[in-house]
1. Do we find a residue being outside the structural domain of B:Met215 (by TED's automatic domain parsing), more than 30 Å from B:Met215 (Cα to Cα) and either in contact with a Pro (Cβ under 9 Å, 6 or more places away or on another chain) or within 15 Å of DNA strand D (Cβ to nearest atom) (or both) anywhere in the range B:58-78?
2. Would you pick out the residues in the range B:31-45 that are more than 16 Å from DNA strand C (Cβ to nearest atom) and within 9 Å of another protein chain (Cβ to nearest Cβ)?
3. Any residue in the range B:123-134 that is part of a loop (DSSP other than H, G, I, E, B), closer than 22 Å to B:Glu300 by Cα and assigned by TED's automatic domain parsing to the domain that holds B:Pro64?
4. Residues A:Glu144, A:Glu214: which one is surrounded by fewer than 20 Cβ atoms within 10 Å (Cβ to Cβ), under 23 Å from A:Leu61 (Cβ atoms) and not assigned by TED's automatic domain parsing to the domain that holds A:Glu257?
5. Quick test of your reading of the structure: B:Ser279 fulfils all but one of (1) at pLDDT 95 or above; (2) buried (at least 17 other Cβ atoms within 10 Å of the Cβ); (3) within 24 Å of the chain's Cα centre (by Cα). Name the failing condition by number.
6. So which strands (runs of 3 or more DSSP E) stay within the range B:238-304 end to end and still have 1 or more residues that are touching an Asp or Glu at 6+ places or on another chain (Cβ under 8 Å) and under 19 Å from B:Asp142 (Cβ atoms)?
7. Check the range A:99-109 and report whether any residue there is buried (at least 21 other Cβ atoms within 10 Å of the Cβ), within 10 Å of chain B (Cβ to nearest Cβ) and over 18 Å from the mean Cα position of the chain (by Cα).
8. Scan the range B:254-276 residue by residue and report those that are among the acidic types (Asp, Glu) and within 14 Å of chain A (Cβ to nearest Cβ).
2 protein chains.
Amino acid sequence: MSDVAKKAGVSIGTVSNVLNHANRVKPGTVKKVQRAIEELGFVRNDAARQLKAGNSRTIGLVVPDASNPFFADLAKGAENLAIAREFAVIIGNSSEDNSRESSYINLFHEQRVGGVLISPVRGVNKRIEQLHHMGINAVIVDREADATICCSVSVDDVAGGRLASRHLLDQGRKHIAFVGGGPSIQQTVDRLEGVRQEMLNFPKARLSVFETSEMNVLAGRKVGIEIGKLPATERPDGVFCANDLVAVGVMQALLFENSIKVPEQIAMIGYDDIDFAQSTIVPLSSVRQPSHLLGSSAVELLISELQDVDHVHRQITFQPEIVIRESSLRTK
Amino acid sequence: MSDVAKKAGVSIGTVSNVLNHANRVKPGTVKKVQRAIEELGFVRNDAARQLKAGNSRTIGLVVPDASNPFFADLAKGAENLAIAREFAVIIGNSSEDNSRESSYINLFHEQRVGGVLISPVRGVNKRIEQLHHMGINAVIVDREADATICCSVSVDDVAGGRLASRHLLDQGRKHIAFVGGGPSIQQTVDRLEGVRQEMLNFPKARLSVFETSEMNVLAGRKVGIEIGKLPATERPDGVFCANDLVAVGVMQALLFENSIKVPEQIAMIGYDDIDFAQSTIVPLSSVRQPSHLLGSSAVELLISELQDVDHVHRQITFQPEIVIRESSLRTK
DNA sequence: CTCTAAAATTGAAACGATTCAAAAAAAGTA
DNA sequence: TACTTTTTTTGAATCGTTTCAATTTTAGAG
């Protein structure tokens with residue numbers, strides 16, 4: 001910067017003013033400085049700027065699976081709004097791993113990000129507590145949080161679970177299977193809770209629960225093979241998967257490995273309504289979440305927390321919506 | 001940090017040594033300092049560290065479409081290796097927009113990232129030139145680069161185009177349609193070039209080219225509707241899409257909007273072999289690229305450039321591989 | 001116990017921006 | 001012209017690390 005100052009024949013302070021408060025500087029001087037910047041190819045060192053400022057115009061986003069289109073869309077929503085507000089978004093992929101989640105939080109903290117959007121893998125409250133204790137502004141996404149400590153943006157997963165299971169039961173299915181990622185994943189727990197609630201209205205129906213190691217296509221395929229091998233009396237006639245990736249895997253296995261017909265023999269419904277859901281072998285019914293809106297709302301809340309003096313923590317909950325396609329329709 | 005030093009009863013320099021060169025410090029002292037760090041909840045300020053170091057252990061990655069699973073996988077490959085080498089990866093999504101690409105480059109430059117992995121939208125050489133001129137270490141991904149200036153990791157797109165089109169022609173298709181994103185997108189240009197080369201071996205076959213506004217499902221659907229509306233004599237009997245997202249869109253439109261049978265009336269093949277390709281309504285043939293490997297190799301090259309004094313720029317080119325599924329098979 | 005070599009510790013300087021009180025220049029007024 | 005007010009410009013101090021030459025402590029040898 002001092003090179004620029006020398007070349008433009010002004011002081012360092014003036015160069016800084018041109019960069020940050022151009023209106024305080026005489027127009028002629030601005031031009032001189034800008035020409036010098038241009039000629040020297042000067043680019044401000046953000047580390048020094050941050051060091052002085054104490055924080056940065058960057059938002060950290062920690063997601064459990066960046067290759068899940070749902071989170072990719074959520075990230076896109078967040079990024080678009082952030083850019084409009086002149087913030088940058090850094091994405092960290094925890095891969096549903098607690099220690100990886102921690103190291104991203106540390107990395108972001110070291111970088112003194114303005115704040116963090118996070119969809120915690122497990123132990124939400126513990127994580128919130130920790131972030132709060134570290135003095136990091138955080139918005140919980142896709143999970144409800146304790147209103148007193150921070151903001152959150154979520155979708156009512158219990159309602160989503162009810163929607164999906166009620167639809168299957170309404171279609172006359174008697175034995176529902178729920179396929180999801182185990183009790184450490186909150187989304188799974190809530191969606192299953194919705195199923196359980198709904199089952200109370202159908203006392204004759206039966207529920208089986210299958211646990212996957214991860215929430216992706218491959219893990220779904222494993223469960224699909226397992227289901228296909230069950231004797232006819234033990235086999236469910238309706239499968240609800242905790243996300244579409246798992247549903248796609250289960251469907252693949254049922255159709256190709258076990259020659260089971262969807263929806264005739266087994267009706268299926270997924271969750272997230274990713275772009276591909278309508279393009280699967282049998283178009284997949286799903287529960288739609290406003291992924292884009294989740295991301296942008298989260299950024300909105302975070303920026304409000306950073307900038308508004310009278311900010312109060314808010315919990316925004318969106319309602320999911322069922323999208324019915326061929327995979328879950330009643331057999332004629 | 002001075003608080004930590006005071007609490008541990010040592011100097012600031014010692015605290016720094018504990019953090020960075022623990023072996024230079026007596027084990028007992030290390031313990032004292034670590035306890036102090038623990039108790040005070042101290043987190044190093046990365047801005048100051050970077051300011052001193054002049055650069056950061058961060059790698060910027062600029063992709064044209066983060067919601068394309070191909071790039072999501074590539075990013076994952078990059079991230080995994082980077083983490084193993086204790087680098088962090090920041091992802092910027094240019095959305096195939098030149099100015100957005102520029103602003104990410106500037107952001108990364110301001111942050112003094114160690115280097116940049118980039119899949120430039122257009123004008124590759126101009127962009128390489130610019131990065132080189134700015135003194136930014138860069139590796140071009142998914143595109144070959146001028147060997148004298150920087151490294152690159154790519155897949156032979158011309159070969160991929162040949163593979164796909166030869167397969168369709170071998171199956172007896174006479175009128176091939178190529179669907180891709182226009183001449184500004186290098187991948188499209190190269191894959192089409194492959195098609196053109198291969199057509200020379202089949203002088204009786206015909207080629208039509210359709211241009212999409214973007215390279216996603218929605219854009220593909222539009223072209224699919226267009227193709228479906230063509231009179232039978234003008235309609236292609238083999239469609240090669242420049243990526244799987246577009247192929248999925250085209251397939252949706254053909255099947256649902258126009259009731260055209262795949263592969264009986266129109267054979268289809270996509271590109272990238274994303275996870276979903278085998279789960280589409282009619283399982284989609286595709287050209288597989290080693291997406292994960294692309295990402296990790298790029299990181300490898302970049303880190304070598306940063307750390308090895310005798311680094312020489314290398315161009316790594318992988319060969320694509322055809323994956324044949326139902327969508328392109330000959331009608332019995 | 002003394003001397004020497006090795007290991008551990010110290011703390012001032014440097015990184016490159018922003019800030020702000022003070023100085024200088026310009027504009028306005030009598 | 002002389003003085004006041006407003007606008008611009010200046011540059012030293014600051015942010016929190018890392019580095020490295022100098023100093024102190026410890027270990028080893030005789």
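The values are calculated or read from the model by the stated rules, or taken from the named source; none is laboratory data. Quick caveat: nothing in here was measured; it's all calculated off a predicted structure. Ideal geometry is used to build each Cβ from the backbone, glycine not excepted, and the neighbour counts take in all protein chains shown.
1. no
2. B:Gly41, B:Val43
3. Within the range B:123-134 (the criterion being part of a loop (DSSP other than H, G, I, E, B), closer than 22 Å to B:Glu300 by Cα and assigned by TED's automatic domain parsing to the domain that holds B:Pro64), the answer is no, since none of the residues qualifies.
4. Of the residues listed, the single one that is surrounded by fewer than 20 Cβ atoms within 10 Å (Cβ to Cβ), under 23 Å from A:Leu61 (Cβ atoms) and not assigned by TED's automatic domain parsing to the domain that holds A:Glu257 is A:Glu144.
5. (1)
6. B:286-288
7. no
8. Passing the criteria: B:Glu257, B:Asp272, B:Asp273, B:Asp275.
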